[in-house]
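Take a look at the structure below.
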Amino acid sequence: MPVRPIVFSDNPLLRQKSRRVRRVDAAVRQLIDDMVETMYAENGIGLAAIQVGVPERVVVVQLPEGEENPEGGKLYVIINPELARKSREVEEGNEGCLSVPGWAGKVARHHGITVKGLDPRGRAMRIKAEGLLARVFQHEIDHCDGTLFIDHIEDPQDIWPVPEGEEEAAEAA
C-alpha cells in the first residue's frame, strides 16, 4: 500500500470532473488502500482519488477521534458518491485541503446531508451525516466535480495562511 503523491491546486487535473467507477474490482480496492495510507501519511481527514492523480469518483474520510467527534475514528469509503439530500440549514466553518497547502478558509456548507454511493464491495450504501462529517463529505465530493474549497470563498478576509501541513487541522478544529 504505497503512499501516493498529492496533486496540488496548480495542476489542471484537479479542475476536471472525475469519472464514475464502472466496476468495483481489485484495482479500485488497491486505489482505496493507497488513498487511506496517503491520507494517514499526510494527516488528512478526507481524500478524493483525483487528489492522488486518479480521476475516478472515490473518496475516503476519517475524522479524528475525540469527544467532539462522535463519528471520529470510523473510516468511510464511498465509490461514486452523490449528495442525495441536503439540509436547508447552512453553517460556516473552517476548511483546509491537502491540495491547497498553506491555506485555510471559511466556507458555508449544509449542516446535514445524506450521501449515497457504493461500498468497497460494490454494494449500494447511504450515509447520513451532520456537522464536520457532512462538511468533509461535501468537500471531497466537490473534488470529484473539479471544485476546490477556495472556489466557495468570495471575501478575501475569509482565507488565511496556515503552516504547511496543518491545513486539515484547521478544519477539524
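Quick check: is even one residue across region 85-96 over 18 Å from Glu167 (Cα atoms) and among the polar types (S, T, N, Q)? Yes: region 85-96 contains one or more residues that are over 18 Å from Glu167 (Cα atoms) and among the polar types (S, T, N, Q).
Each row is one residue, and each column tells you yes or no for (1) of a type in the set (A, V, I, L, M); (2) modelled with pLDDT of 95 or more; (3) within 18 Å of Val77 (Cβ to Cβ).
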| residue | (1), (2), (3) |
| --- | --- |
| Lys17 | no, yes, no |
| Val21 | yes, yes, yes |
| Asp34 | no, yes, yes |
| Leu47 | yes, yes, yes |
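For region 1-51, the tally of residues that are part of a strand (DSSP E or B) and surrounded by fewer than 20 Cβ atoms within 10 Å (Cβ to Cβ) stands at 1.
Across region 72-84, the number of residues qualifying as within 18 Å of Thr147 (Cβ to Cβ) and surrounded by 19 or more Cβ atoms within 10 Å (Cβ to Cβ) comes to 3. Scan region 52-71 and give yes if some residue there is modelled with pLDDT of 95 or more, part of a helix (DSSP H, G or I) and surrounded by 13 or more Cβ atoms within 10 Å (Cβ to Cβ), otherwise no. For region 52-71, residues modelled with pLDDT of 95 or more, part of a helix (DSSP H, G or I) and surrounded by 13 or more Cβ atoms within 10 Å (Cβ to Cβ): present.
The values are calculated or read from the model by the stated rules, or taken from the named source; none is laboratory data. The structure displayed is predicted, hence computed values, not measured ones. Here the Cβ is made from the backbone with ideal geometry for all residues, glycine too, and neighbour counts use every protein chain on show.
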